[in-house]
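Below is one structure, written out as structure tokens, with a few remarks after it.
The values are calculated or read from the model by the stated rules, or taken from the named source; none is laboratory data. This structure is a prediction, so every number in the text was calculated from the model and none was measured. Here the Cβ is made from the backbone with ideal geometry for all residues, glycine too, and neighbour counts use every protein chain on show. To get the accessible areas, we keep the full protein, side chains included, count just its heavy atoms, and leave off ligands, DNA and RNA. Shrake-Rupley method; radii C 1.70, N 1.55, O 1.52, S 1.80 Å.
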Number of protein chains: 2
Amino acid sequence: MSKINEQILNEIRKIVQNDRILTKKGDLYSFSYDASFGEYLPDIVLQPQSKEEVSKIILLANTYQIPVYPRGSATSLSGGPLPILGGIVLDMSQYPKSLTIDKENMLAIVTPSVITSRIHEEAEKEGLFYPPDPSSSNVSTIGGNILENSSGPKGLKYGTTKEYVIGLEVVTPTGDIIRTGGKTVKNVTGFDLTRLIVGSEGLLGVVTEITLRLIPKPAHKMTLLASFQSVVDSGKAITSILSSGVLPAALELMDKYCIEAVEHYQPSGLPLDAEAIVIIEVDGHEAAVREEIAQCSEICKSFPGSKVRVAKSEEERATIWKARKMVSPAITQLGPTKISEDATVPRSKIPEMIEKLHIIRDKYKLNLVVFGHAGDGNLHPNIITDKRNIEEMKKAELAVGEIFQAAIDLGGTLSGEHGIGILKAPYMRKELGLTLDLMKKIKEAWDPNNILNPGKMFPQKGQTKVVLTQ
Amino acid sequence: MSKINEQILNEIRKIVQNDRILTKKGDLYSFSYDASFGEYLPDIVLQPQSKEEVSKIILLANTYQIPVYPRGSATSLSGGPLPILGGIVLDMSQYPKSLTIDKENMLAIVTPSVITSRIHEEAEKEGLFYPPDPSSSNVSTIGGNILENSSGPKGLKYGTTKEYVIGLEVVTPTGDIIRTGGKTVKNVTGFDLTRLIVGSEGLLGVVTEITLRLIPKPAHKMTLLASFQSVVDSGKAITSILSSGVLPAALELMDKYCIEAVEHYQPSGLPLDAEAIVIIEVDGHEAAVREEIAQCSEICKSFPGSKVRVAKSEEERATIWKARKMVSPAITQLGPTKISEDATVPRSKIPEMIEKLHIIRDKYKLNLVVFGHAGDGNLHPNIITDKRNIEEMKKAELAVGEIFQAAIDLGGTLSGEHGIGILKAPYMRKELGLTLDLMKKIKEAWDPNNILNPGKMFPQKGQTKVVLTQ
């Protein structure tokens, strides 16, 4: 039953322009899903055009106890924007787009609807660099990126998205418009609400402006691809490289199942006889880059049966990265349903984690491939299946549970960058224990009516395992 | 009147060893001050030896409504550890010291009582690097450092202390022992309580273990000293350097009054005819370092009347840094009372901020010198006076207020790294507006009895200006 009656709709019309109010079934369906699972129809979709409109919508939602689900491009893999209790979808992808590069202070000031890759482009024009680069960056909005704190391959050297967000304008769950942080990297004036809101998955506020720190663009980069006869060797190589003093900009790993998928989909010259491949990119001053790539190459070559290919040209470099970027489309070919996880472990535990993942693969006879950002321990085990195959989905549910448990057992965490959403909420207590209650206290203190993105992150009573089958 | 009666003391004796309970007047006096102003006698000092002891003390404090003031080495410049309402000082400097370097995962796991410079030393032994380096790092504890988020000169290139804290063990204000974050750089499992607690000035929990991220140690560094005929030129030089793509590890600025103070105290070859000097250090690969220092040198030389000295040897490099480190002892010679501020502005506003500071200096006829971390906009205006000179202290109070206002007017912040404590609390509302209430809600939700470090950060009713005179 719709939560929006005629009276409330009339009040909404006083806040938002008519053509920014969507109520037709067809329109509502477009906002019922994201890149994860499940479909939930909202009662109404609003496309606010100013922070004042956002504020008024939230005040109204508080008055009538209507859930509000903020949404960017909906590339979430954990159900972040899904309107699971109906109510209002706040479509922030249509918020006015504004992107200012402040070269002197090395800042970008953007509205949440800006596509992340546009920030990369505009920064580069000024010789600057915005390192976070989630693989969805060509379609995802910066608002969604920062609220999930999704970061991509460069976390090891450059840190996560959080490290670049220094100021926010936010509409709180009770409709106040506030500012956090500012334009300086150093700021200890009170609690760090900026970093609390980054990664809060839309539970603590609707972001309406973001101040990002930029850095000078590295002058050069070089890339190599190394193949190994065992996952353990690849892990040892990674540790040796980091211990040698080299800090690569990217350190990506793919297991043999992943290599097979790519080569099956579009032959990219990846070695089919390898157990694992590692892609290493170093960036910085040219002389440093040359020396460091040679150093990485030597280390990789020291493992029996390993092979190393250093890209000699920009074209070769692009080919290597193309193979890496082919992973997602390639595995999508293996089946219509892709369960993409991002369990993260301390770097030294990567070989052990991959072994555990292969055991889980064999146990449940699932099409499970592993790739990810090995440098920062952020693996992406992907199970490819078909959601209409209920029997296999049930096995996938059990497998996902074991993946989470393996990550926690190895001193890691449920999620490195995809967020908790609805998919991982049941496992929160297991990882966090009492810490979860402290998080809840913040949510309750800021959002007493539980208006903003309700039903996410915190497990429902009795919820202890992930459910992929509806 | 003491808050600790015989019954409470008996209960304390069941928690903490007898020789870790200090009640003598002489002992209490040692814990009544920090590096800022004012003296406040606690009722008792406890030196817990385990997280369980900390937890039990806090539970007891909640039962009897006794304030608890955690304390490291008490180098705070904002009154962070001062027991302004009496009660218990929790002397964490005597907590068991433990420091483990996990080379493979590039982590340091430490207890809060470890002196920060020891982390530098132990990391370097493994070829690793912990960049944050507050000038007190030889005496301050890491616990105090992270709770104030004090960072020192390397914030521009390497980020602040917060960027290196990835996991905490914390006793909450209600006595629960929790863990936040973990051992991975990427972690989006729930709200980021780690970064909320870092910089929380001891209001949200007592930290009992810290996991720090380390990075490979840069192989080389080079340093130059440039003098300028105007502050505006020095600011322009800094902006040009950063726009050229060089990201120095340190970019320090001193105004002429600061130069005079150093040369008067201990002649260090600083140019007395300069309006400002800038010290630039670049680090990284040797070839890159050589090229970058040459680039910085060229840029600085392009300003009329400027002079540049590049350190040719490690000895020369040390001499330049010695002059910089001489600033604090030098200005202490100018008078017994040093009011050390850390107003921080967007980098491009530094020349304007320094001009405003010189106007304030002239207006109140105060001995005000300016130095600081120009690269990240974090200035340290210091007023040297004598707290027994009430008339001058009254002028200093007004001047400090104007300094804060100037920083806010220029889009900056009250504090870059010294914290709010009691000294800056009266100005919080001015900078933060409604945002302050959101911070308060967290404090109230986590610490309903207001047990932990009460009287700090949040302004008392009617408090609108700093009071340096008691």
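Residues in the stretch B:380-404 that are aliphatic (A, V, I, L, M) and either under 20 Å from the mean Cα position of the chain (by Cα) or open to solvent by less than 20 Å² (accessible area, probe 1.4 Å) (or both): B:383, B:384, B:393, B:396, B:399, B:400, B:403.
Being within 14 Å of another protein chain (Cβ to nearest Cβ) and either within 25 Å of residue B:417 (Cβ to Cβ) or touching a residue at least 60 places away in the same chain (Cβ under 8 Å) (or both) is a description that does not apply to residue B:291.
Are there any pairs, at least 6 apart or on different chains, whose C-beta atoms fall under 9 Å, with the first in the stretch A:275-286 and more than 14 Å from residue A:311 (Cβ to Cβ) and within 14 Å of chain B (Cβ to nearest Cβ) and the second among the small types (Gly, Ala, Ser) and surrounded by 22 or more Cβ atoms within 10 Å (Cβ to Cβ), and if so, which? These pairs meet every condition: A:284/B:288; A:285/B:288; A:286/B:288.
For the stretch A:113-121, the condition holds for no residue, the condition being that it is modelled with pLDDT of 95 or more, buried (at least 22 other Cβ atoms within 10 Å of the Cβ), more than 10 Å from every other protein chain (Cβ to nearest Cβ) and under 22 Å from residue B:166 (Cα atoms).
Condition check ((1) open to solvent by 10 Å² or more (accessible area, probe 1.4 Å); (2) facing another protein chain (nearest Cβ under 10 Å)) across all residues:
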site: A:178; (1), (2): no, yes
site: A:193; (1), (2): no, yes
site: A:200; (1), (2): no, yes
site: A:223; (1), (2): no, no
site: A:243; (1), (2): yes, yes
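Residue A:3 falls short on exactly one of the conditions (1) surrounded by 15 or more Cβ atoms within 10 Å (Cβ to Cβ); (2) among the basic types (Lys, Arg); (3) at pLDDT 95 or above, and that condition is (3). Every condition in (1) open to solvent by 10 Å² or more (accessible area, probe 1.4 Å); (2) farther than 28 Å from residue A:67 by Cβ holds for residue A:449 except the one numbered (2). Applying a threshold of 9 Å to beta carbon distances and a minimum spacing of six or more residues, or different chains, the list of pairs starting in the stretch A:17-42 at a residue that is not assigned by TED's automatic domain parsing to the domain that holds residue A:387 and open to solvent by 50 Å² or more (accessible area, probe 1.4 Å) and ending at one that is in a loop (DSSP other than H, G, I, E, B) and of a type in the set (D, E, K, R) reads A:23/A:43; A:29/A:39; A:33/A:39.
Cβ-Cβ contacts under 9 Å between residues 6 or more apart (or on different chains), taken from a first residue in the stretch A:130-151 that is among the charged types (D, E, K, R) to a second residue that is at pLDDT 95 or above and assigned to a helix (DSSP H, G or I), are listed as A:133/A:116; A:133/A:117; A:133/A:120; A:148/A:161.
Cβ-Cβ distances below 7 Å connect the following pairs, each with a first residue in the stretch A:427-439 that is at the interface with chain B (Cβ under 7 Å from one of its Cβ atoms), a second residue that is in a loop (DSSP other than H, G, I, E, B) and surrounded by fewer than 21 Cβ atoms within 10 Å (Cβ to Cβ), and a separation of six or more residues or different chains: A:428/A:458; A:428/A:459; A:434/B:176.
For the stretch B:352-379, the set of residues classified as under 23 Å from the mean Cα position of the chain (by Cα), part of a helix (DSSP H, G or I), more than 28 Å from residue B:38 (Cβ to Cβ) and within 14 Å of another protein chain (Cβ to nearest Cβ) consists of B:374, B:375, B:376, listed by residue number.
Is there a residue in the stretch B:405-412 that is within 14 Å of another protein chain (Cβ to nearest Cβ), of a type outside the set (A, V, I, L, M), in contact with a Ser or Thr (Cβ under 6 Å, 6 or more places away or on another chain) and surrounded by 24 or more Cβ atoms within 10 Å (Cβ to Cβ)? Within the stretch B:405-412, one or more residues are within 14 Å of another protein chain (Cβ to nearest Cβ), of a type outside the set (A, V, I, L, M), in contact with a Ser or Thr (Cβ under 6 Å, 6 or more places away or on another chain) and surrounded by 24 or more Cβ atoms within 10 Å (Cβ to Cβ). Which one is farthest from the other protein chains (Cβ to nearest Cβ) among residues in the stretch B:157-171 that are more than 16 Å from residue B:210 (Cβ to Cβ) and more than 15 Å from the chain's Cα centre (by Cα)? Here the residue is B:158.
Among the residues of the stretch A:224-232, is any under 24 Å from the mean Cα position of the chain (by Cα) and either not aliphatic (A, V, I, L, M) or not assigned by TED's automatic domain parsing to the domain that holds residue A:81 (or both)? Spell out the reasoning first.
From the stretch A:224-232, those under 24 Å from the mean Cα position of the chain (by Cα) are none; that's our starting set.
Looking through the stretch A:224-232, none of the residues is under 24 Å from the mean Cα position of the chain (by Cα) and either not aliphatic (A, V, I, L, M) or not assigned by TED's automatic domain parsing to the domain that holds residue A:81 (or both).
Considering the conditions (1) within 14 Å of chain A (Cβ to nearest Cβ); (2) crowded, with 24+ Cβ neighbours inside 10 Å; (3) not in a helix (DSSP H, G or I), residue B:238 is excluded by exactly one of them, (3).
Being free of Cβ contacts under 8 Å to residues at least 12 places away in the same chain, within 14 Å of chain B (Cβ to nearest Cβ) and either open to solvent by 10 Å² or more (accessible area, probe 1.4 Å) or under 20 Å from the mean Cα position of the chain (by Cα) (or both): is that true of residue A:342 here? Reasoning before the result, please.
Working: free of Cβ contacts under 8 Å to residues at least 12 places away in the same chain: no; within 14 Å of chain B (Cβ to nearest Cβ): yes; either open to solvent by 10 Å² or more (accessible area, probe 1.4 Å) or under 20 Å from the mean Cα position of the chain (by Cα) (or both): yes.
No.
In the set (1) at pLDDT 95 or above; (2) buried (at least 18 other Cβ atoms within 10 Å of the Cβ); (3) under 22 Å from residue B:211 (Cα atoms), residue A:437 fails one condition alone, (2).
Every residue, every condition in (1) more than 25 Å from residue A:447 (Cα to Cα); (2) not β-branched (Val, Ile, Thr), yes or no:
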residue: A:128; (1), (2): yes, yes
residue: A:140; (1), (2): yes, yes
residue: A:143; (1), (2): no, yes
residue: A:154; (1), (2): yes, yes
residue: A:159; (1), (2): yes, yes
residue: A:165; (1), (2): no, no
residue: A:180; (1), (2): no, no
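The single condition among (1) within 19 Å of residue A:71 (Cα to Cα); (2) away from every other protein chain (no Cβ under 11 Å) that residue A:151 does not meet is (2). Applying the condition of being more than 9 Å from chain B (Cβ to nearest Cβ) and crowded, with 19+ Cβ neighbours inside 10 Å to the stretch A:456-470 and asking which residue is nearest to residue A:159 (Cα to Cα) yields A:456.
Here's the yes/no breakdown for (1) within 18 Å of residue B:284 (Cβ to Cβ); (2) β-branched (Val, Ile, Thr); (3) in contact with an Asp or Glu (Cβ under 9 Å, 6 or more places away or on another chain):
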site	(1), (2), (3)
A:254	no, no, no
A:257	no, no, no
A:260	no, no, no
A:265	no, no, no
A:272	no, no, yes
A:285	yes, no, yes
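Scanning the stretch A:52-74 for residues that are in a loop (DSSP other than H, G, I, E, B) and over 14 Å from residue A:202 (Cα atoms) gives A:65, A:66.
Just need a number here: residues in the stretch A:245-262 that are touching a helix residue (DSSP H, G or I) at 6+ places or on another chain (Cβ under 8 Å), open to solvent by less than 10 Å² (accessible area, probe 1.4 Å) and not in a loop (DSSP other than H, G, I, E, B). Even if it seems obvious, please write down each step before you answer.
We begin by selecting, within the stretch A:245-262, every residue touching a helix residue (DSSP H, G or I) at 6+ places or on another chain (Cβ under 8 Å); these are A:246-255, A:257-258, A:261-262.
Retained after the next criterion (residues that are open to solvent by less than 10 Å² (accessible area, probe 1.4 Å)): A:246, A:248-255, A:258, A:261-262.
Those still in the list that are not in a loop (DSSP other than H, G, I, E, B) too: A:250-255, A:258, A:261-262.
Here the count works out to 9.
The single condition from (1) surrounded by fewer than 24 Cβ atoms within 10 Å (Cβ to Cβ); (2) in a strand (DSSP E or B); (3) out of contact with any Cys (no Cβ under 7 Å at 6 or more places or on another chain) that residue B:227 fails is (1).
Given the structure, is residue B:139 touching a Lys or Arg at 6+ places or on another chain (Cβ under 9 Å) and outside the structural domain of residue B:372 (by TED's automatic domain parsing)? Please lay out each step first, then the result.
Numbers: touching a Lys or Arg at 6+ places or on another chain (Cβ under 9 Å): no; outside the structural domain of residue B:372 (by TED's automatic domain parsing): yes.
It is false that residue B:139 is touching a Lys or Arg at 6+ places or on another chain (Cβ under 9 Å) and outside the structural domain of residue B:372 (by TED's automatic domain parsing).
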